[in-house]
Amino acid sequence: ARDGLSDRVTAVACDFTKDPFPGTFDLVFVSAIVHMNSDKENRALVKKCAAALNPGGRVVIQDFILAEDRTAPPFAALFAVNMLVATPGGNTYTYPEIRSWMDAAGLKKITRASTGFDADLVIGRKPAR
């Protein structure tokens, strides 16, 4: 509102595990969610997010991302243990794992961006028509 963008941003409340996404979007931001889910649940979630995009839209996943050897960064590795103990199927995931969910959902131009904090971003784009 301060910057005059209220007409361009809509936040949608829903239970992403059950509810359909109402409409289509230019951006679906999935923040601190995938670590609570199993690989199978995340594949379904990313597919659902990709289906809700307008052509050229993006899915952005923000989470703790492990190195491929699953031992670093230390916070993400320790958080993985917490998720394995505290959730039915949660874990922290590597960039190749998250990228595979996006690939399977038909997203392209998949990149990783550092936030400078513990969590990074993985960004995938729905192809334009």
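The values are calculated or read from the model by the stated rules, or taken from the named source; none is laboratory data. Fair warning: this is a prediction, and the values are worked out from it, not measured in the lab. Every residue, glycine as well, gets a Cβ built from its backbone with ideal geometry; the counts of neighbours run over all protein chains shown. Side chains are part of the model used for accessible areas, which takes the heavy atoms of the whole protein and leaves out ligands, DNA and RNA. Shrake-Rupley method; radii C 1.70, N 1.55, O 1.52, S 1.80 Å.
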- Has the stretch 24-44 got any residue that is open to solvent by less than 60 Å² (accessible area, probe 1.4 Å) and either in contact with a Lys or Arg (Cβ under 7 Å, 6 or more places away or on another chain) or farther than 24 Å from TYR93 by Cβ (or both)? no
- Message: Go through the stretch 34-52 and report how many residues are part of a loop (DSSP other than H, G, I, E, B) and within 14 Å of TRP101 (Cα to Cα).
- Response: 2
- Message: Just to verify a result, which residue in the stretch 90-119, among those that are over 11 Å from HIS35 (Cβ atoms) and of a type in the set (S, T, N, Q), is most open to solvent (accessible area, probe 1.4 Å)?
- Response: SER114
- Task: Output yes when any residue across the stretch 70-89 is of a type in the set (A, V, I, L, M, F, W, C), open to solvent by less than 60 Å² (accessible area, probe 1.4 Å) and within 14 Å of the chain's Cα centre (by Cα), and no when none is.
- Result: no
- Item | Enumeration of residues in the stretch 11-23 that are under 26 Å from ASP120 (Cα atoms) and surrounded by 10 or more Cβ atoms within 10 Å (Cβ to Cβ) | VAL12, CYS14, PHE16, THR17, PHE21
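Return a yes/no flag: does the stretch 45-61 have any residue that is under 29 Å from LEU78 (Cβ atoms), at pLDDT 90 or above, touching a Cys at 6+ places or on another chain (Cβ under 6 Å) and surrounded by 15 or more Cβ atoms within 10 Å (Cβ to Cβ). Give the derivation first.
Residues of the stretch 45-61 under 29 Å from LEU78 (Cβ atoms): 45-46, 49, 59-61.
In the following step, the residues that additionally are at pLDDT 90 or above were identified as 45-46, 49, 59-61.
Next cut, touching a Cys at 6+ places or on another chain (Cβ under 6 Å) only: 59.
When the remaining residues are screened for being surrounded by 15 or more Cβ atoms within 10 Å (Cβ to Cβ), the result is 59.
Among the residues of the stretch 45-61, at least one is under 29 Å from LEU78 (Cβ atoms), at pLDDT 90 or above, touching a Cys at 6+ places or on another chain (Cβ under 6 Å) and surrounded by 15 or more Cβ atoms within 10 Å (Cβ to Cβ), which makes the answer yes.
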- Query: Among all residue pairs at least 6 apart or on different chains, which show Cβ distances below 9 Å where the first residue, located in the stretch 97-118, is at negative phi and the second is exposed (fewer than 13 other Cβ atoms within 10 Å of the Cβ) and part of a loop (DSSP other than H, G, I, E, B)?
  - Reply: LEU107/PRO127; LYS108/PRO127
